[in-house]
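Peer 1: Sharing a structure with you now.
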Amino acid sequence: MTSPIDRHALTKTLIKAAWLSVGLGLAMQLLLLAVAAFYGTVPGIQTIIADTVQKVSWSTLVCSGV
C-alpha cells in the first residue's frame, strides 16, 4: 500500500500531466490554424471550436493515460 506522501506526489504529477496535455492540445490547434491561415483556408468558428475541444480532450486522455 502506498503512503500518503506517495499519493500526494502521484496526484501532483497527474495534475501536471493533465495541464501539460491541455497546453499541447491548444498548441497543436493554434499551429493548425496558423497553417490554414497561411494557405487562406481558415474554417468557420463552429469548426474551430469543435476541433479544439476534440484535440484538447484527446491529448488529455492520451497524456494522462501514459
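Peer 1: For the stretch 24-29, take each phi angle, set θ = phi - 60°, evaluate the Karplus expression 6.51 cos²θ - 1.76 cosθ + 1.60, and give the result in whole Hz per residue in order, putting x for glycine and proline.
Peer 2: Ordered by residue, 3J(HN,Hα) equals 4, x, 5, 5, 5, 5 Hz.
Peer 1: Between residue 48 and residue 12, what length in nm is gained on full extension when 0.36 nm per residue of separation is reduced by their alpha carbon distance? Don't jump to the answer; show the numbers that get you there.
Peer 2: On the way: separation 36, 0.36 × 36 = 12.96 nm, distance 3.12 nm.
Stretched fully, the residue 48-residue 12 segment lengthens by 9.8 nm.
Peer 1: Let me ask something additional. In Å, what Kirkwood hydrodynamic radius results for the chain from the alpha-carbon pair distances?
Peer 2: Its Kirkwood hydrodynamic radius stands at 13.4 Å.
Peer 1: Ignoring ligands, DNA and RNA, what percent of the 1.4 Å accessible area of the chain is carbon and sulfur? It would help to have the intermediate numbers written out before the result.
Peer 2: Working: 3980 of 5300 Å².
In the chain, the share of accessible area belonging to carbon and sulfur is 75 percent.
The values are calculated or read from the model by the stated rules, or taken from the named source; none is laboratory data. What you see is a predicted model, and the numbers here were worked out from it, not measured in a lab. Just so you know, the surface numbers come from the protein's heavy atoms only, side chains and all, with ligands and any DNA or RNA stripped out. Shrake-Rupley method; radii C 1.70, N 1.55, O 1.52, S 1.80 Å.
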